[in-house]
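The values are calculated or read from the model by the stated rules, or taken from the named source; none is laboratory data. For clarity, every value in this text was computed on a predicted model and none was experimentally measured. Virtual Cβ from ideal backbone geometry, glycine too; neighbours counted across all protein chains shown.
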């Protein structure tokens with residue numbers, strides 16, 4: 001029965017500034033940014049194929065020289081737990097569970113840690129920039145289970161995207177699609193209380 005939770009981070013646990021604060025930092029809007037951004041730079045950055053400096057050089061060349069200190073401060077200020085999530089994680093930390101991240105994200109996850117100390121609740125075990133694979137590739141779920149030395153059936157995977165949950169379920173994991181903290185609490189506790 002499941003006793004390990006693998007967490008998506010952005011838009012599941014933590015507010016994602018990518019569509020609002022990110023373009024505002026560059027005095028543009030999300031729709032305008034979508035029109036001109038490089039088609040593969042974000043994926044390459046999340047996979048750890050390019051550095052942050054290389055990302056900004058190609059993602060949208062009109063950015064020019066980016067003041068990384070100011071940009072990192074913008075991210076730091078924007079990151080926050082979604083409503084009800086911190087309390088849920090506190091409650092889950094009293095259960096007999098392992099909790100790990102399983103997240104598509106670049107090296108900026110370290111800023112999330114600096115701001116929110118997410119490692120109080122879980123290990124930053126599986127982040128795409130270190131794994132060189134992204135959800136919903138089935139390989140990322142299998143690699144996570146293999147690294148933990150367990151069968152996928154021992155794992156509950158939580159994500160806000162249905163496609164990512166579908167892929168995790170296909171390799172044998174239990175899945176919970178996130179919509180809000182109350183629903184998430186009910187779904188997770190119903191799974192772990194059935195152990």
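Observations
- Test: residue in the range 15-37 that is under 14 Å from residue 103 (Cα atoms), surrounded by 15 or more Cβ atoms within 10 Å (Cβ to Cβ) and either modelled with pLDDT of 95 or more or under 20 Å from the mean Cα position of the chain (by Cα) (or both): yes
- Residues within the range 146-177 that are surrounded by 21 or more Cβ atoms within 10 Å (Cβ to Cβ) and out of contact with any strand residue (DSSP E or B) (no Cβ under 6 Å at 6 or more places or on another chain), tallied: 4
- Hits in the range 91-112 - residues which are assigned to a loop (DSSP other than H, G, I, E, B) and under 15 Å from residue 7 (Cα atoms): 93, 97, 104, 105
- Candidate set: the range 97-112, residues that are touching a residue at least 24 places away in the same chain (Cβ under 8 Å) and out of contact with any strand residue (DSSP E or B) (no Cβ under 8 Å at 6 or more places or on another chain); chosen: the one nearest to residue 80 (Cα to Cα): 111
- Of the helices (runs of 4 or more DSSP H) contained entirely in the range 19-90, those carrying at least 3 residues that are farther than 27 Å from residue 178 by Cα and not assigned by TED's automatic domain parsing to the domain that holds residue 158 fall at 30-36, 52-59, 68-78.
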